[in-house]
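Single-structure report; data block below.
The values are calculated or read from the model by the stated rules, or taken from the named source; none is laboratory data. Computed from a predicted structure; not experimentally measured. No Cβ is skipped: glycine too gets one built from the backbone with ideal geometry, and neighbour counts run over all protein chains shown. Ligands, DNA and RNA are stripped out before the accessible areas are found, and what is left, the full protein with its side chains, is counted by its heavy atoms. Shrake-Rupley method; radii C 1.70, N 1.55, O 1.52, S 1.80 Å.
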Amino acid sequence: MNRFEGPGAREAKIRYLDGDFQVTSPGAFVRCAVTGESIPLDELKYWSVARQEAYLTADVSLQREIDMNPELRTRSK
């Protein structure tokens with residue numbers, strides 16, 4: 001059990017905006033949409049406004065974007 005899964009710790013509900021987010025239901029953390037891992041709100045850096053999803057890292061965010069938009073795999077540099 002990590003520090004965000006103990007008694008009294010709640011998952012926050014978030015509205016993800018461009019460059020910011022709005023807490024709609026108080027909590028200590030959100031879950032990564034890909035890995036399911038807890039992300040403390042003060043460490044939340046990566047999300048999708050379009051999908052309203054949080055991501056643990058930039059790598060996870062990029063992989064999700066590629067998975068959701070397969071045409072990105074074939075783009076030339």
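Structure values in brief
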quantity: Close pairs from the range 48-62: first closer than 14 Å to ARG31 by Cβ, partner among the acidic types (Asp, Glu), Cβ under 6 Å, at least 6 apart; calculated: LEU56/GLU37
quantity: When residues of the range 26-75 are limited to those that are closer than 15 Å to GLU11 by Cα and among the charged types (D, E, K, R), the one least open to solvent (accessible area, probe 1.4 Å); calculated: GLU53
quantity: Search result, residues across the range 1-18 that are open to solvent by 80 Å² or more (accessible area, probe 1.4 Å), at pLDDT 95 or above and not basic (Lys, Arg); calculated: ASP18
